[in-house]
Each structure stands twice: as structure tokens, then as C-alpha cells.
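The values are calculated or read from the model by the stated rules, or taken from the named source; none is laboratory data. Given the structure is predicted, the values throughout are model-derived calculations rather than measurements. Glycine gets a Cβ as well: all are built from the backbone with ideal geometry, and neighbour counts include every protein chain shown. Surface accessibility is based on the protein's heavy atoms, side chains included, excluding ligands, DNA and RNA. Shrake-Rupley method; radii C 1.70, N 1.55, O 1.52, S 1.80 Å.
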Amino acid sequence: MGELTGQVALVAGGTRGGGRGIAVELGAAGATVYVTGRSSAAGRSGLDRPETIEETAARVTAAGGTGVPVRVDHGEPDEVRALADRIAAERDGRLDVLVNCVWGGDPLTDWEHPLWEQDLGTGLRLLRQAVETHVITSRFALPLLVARRRGLVVEVTDGNTARYRGSFFYDLAKSAVIRLAFAQAAELRPHGVAAVAVTPGFLRSEAVLDHFGVTEDTWRDAVARDPHFAYSESPAYLGRAVAALAADPNIMDKSGRALATWGLYREYGFTDADGTRPDFAAHWAEALVDEYRPLGDPL
């Protein structure tokens, strides 16, 4: 039996990328995972990508857990409230792990212009999509964790330092998510619930693979185009990091911290899906830190 057998998780934003990787690996550890997002068999989200919550849920079940797909727009409080009520009703009030991984901001990110030249409406929309959704989800899901006086909240971000991330609204969103974990940790500590932020390194999401014109099986073919891609990691690596945290009986010791796959694999001993242990921070320090030093602290 898996270390999380009998536990219930909610992965908000589990349709693809890191969210899908987390959902599947929580399932592999035995958890029942509610997989939510806007892209379903009934219709695609505004991203217009083919991945669906039903596909992710099926992978959770195939991995050994129980996947439950629920179409939810996490920017709509009434939908999130209904989701929390459903979990409470179906699982006798039990929720052990909340993962806030809603993003969908790639098409909204302007990498070319400073703030004063960006479209304000688009930037504010990114913040609503990437930050407000997390706040709304926690508002309605946290009471289930607090009631049981145990559990874990994971805020998925990009980077775990104060380094500027290259675009104003993107940087603000990813930094805010780390602060969300810190603030939730402070409020949840008296109730025995932990909250952390977790970042992957160079993540081989479906969109990134499409960008390079490769698949997860052929991804190394893209290294000739971008040598840094050799140090990338699959969504399973992030998923295994989160599963390890969820199974850690001493997780409260890490509450409030911003963590990364490249540190967690050393502590917990997990590997990526192909048996490797990518360490993008080490690669950054060796090959990229001087290039990005003008942007602030290294990764």
C-alpha cells in the first residue's frame, strides 16, 4: 500500500503540466485525488489545449490511486464553494492535501515590454488567474483541513528566491504565490496544518514539449537546439516531491518555506521518471548565473 493510501487530495489546476504530474504521483502513493480545472471532455478552456481533467484523473487511477475529475473555474467563488462541499459530502469531511497549481498565464505574459508599455487589462487578468484563484480555493478548502487539525497546503510557483523573473506581472504572480504559502503557514500552524511553496526547475510541460517539437520520449532531441534543456525535468519529478512532502510526518518543520525539487530530491531520495535526478539550480550556478545576475539574486 502507498504512503498516502486513504488520504484525500485536491489538485486545483491538475489538467496538465506540474498539476498533472502532482496529481498522478499523489495517486501513485495511494491517494484519492480530485482533479480540477476548466479543460474537460465537455469543452476546452481559453488556452485551447487538448489535455483534460478526465485524462489526468484516469492517469491517477492507473497509477494506483482514485482520480475524480471535477470541472471548476477557480476564479468563480460559487464553483469552488460547491467543490469543497462536494468533497466534504463524498469523503466524510476529509481533505488531507490541497495543491494550488492554477496558472494558465503563459499567453498573458509579456516578456518583451516593461510595465509602463504593457497592456494593463492583460496584466491584471494574469494576476486574477494566477493569484486570486489560489486565494479563492484556499478560502473554501482550508476549513476541511483545519477541522481535522492536520494536512498540507502546497502553492506551486516558479523559483524560490527574490530574483526578478523577467516580466513584471509574471514576477508579481510567482512571488505572491510564495507569500501566500508563508501567510497560510502562519495562520494554519495553531491548527496543525502545514503550508509550503514548491518550485520545479526547467519543467517539461506539454506546452514546452510542443514548443520544441518533441515528446516526453524524444525530448533529448531538443537539447541540440537548447543545451539547457538537458537539465530539464518531467512533471513527475515535481509530483514526487509533493508526494514526499505529503507523506512526511514532520512536515510542520518545513511549514512556511519555499522549497524546490533540486533540494527535496536530496532529502527524500526520489528520482525523475527516467531514474535521473535533475538539479537545475546546480546547472544555473555553473552556466547561467552570470547571464542573469543583472536581474537580481540567482535561482
Within 10 Å of each candidate Cβ there may be at most 10 other Cβ atoms; applying that plus a DSSP loop requirement, which GluC sites (Glu not before Pro) in segment 109-218 survive? GLU112
When only C-alpha pairs under 8 Å and at least 6 residues apart count, what is the relative contact order of segment 98-233, in percent? 25
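Where in the chain lies the longest segment free of trypsin sites (Lys or Arg not before Pro) that are both loop residues by DSSP (not H, G, I, E, B) and have at most 11 other Cβ atoms within 10 Å?
In short, 1-148.
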CD proxy, 222 nm, the chain: helix-only mean residue ellipticity via -39,500 (n - 2.57) per DSSP H run with n ≥ 4, per residue, nearest 500, stands at -12000 deg cm²/dmol
Of the residues HIS211, HIS74, HIS134, which exhibits the maximal mean-square fluctuation in a Gaussian network model of the chain defined by a 10 Å Cα contact cut-off? HIS211
Counting only DSSP loop positions in segment 79-141, the chymotrypsin sites (Phe, Trp or Tyr not before Pro) whose Cβ has at most 15 other Cβ atoms within 10 Å are TRP111
Using only Cα atoms, find the angle between the long axis of helix 235-247 and the longest principal axis of the chain, and express it within 0 to 90 degrees, rounded to the nearest 10. 40
Please compute the per residue accessible area over the chain with all protein chains in place, 1.4 Å probe, rounded to a whole number of Å². 44
Got a number for carbon plus sulfur as a percent of the chain's accessible area, 1.4 Å probe? 51
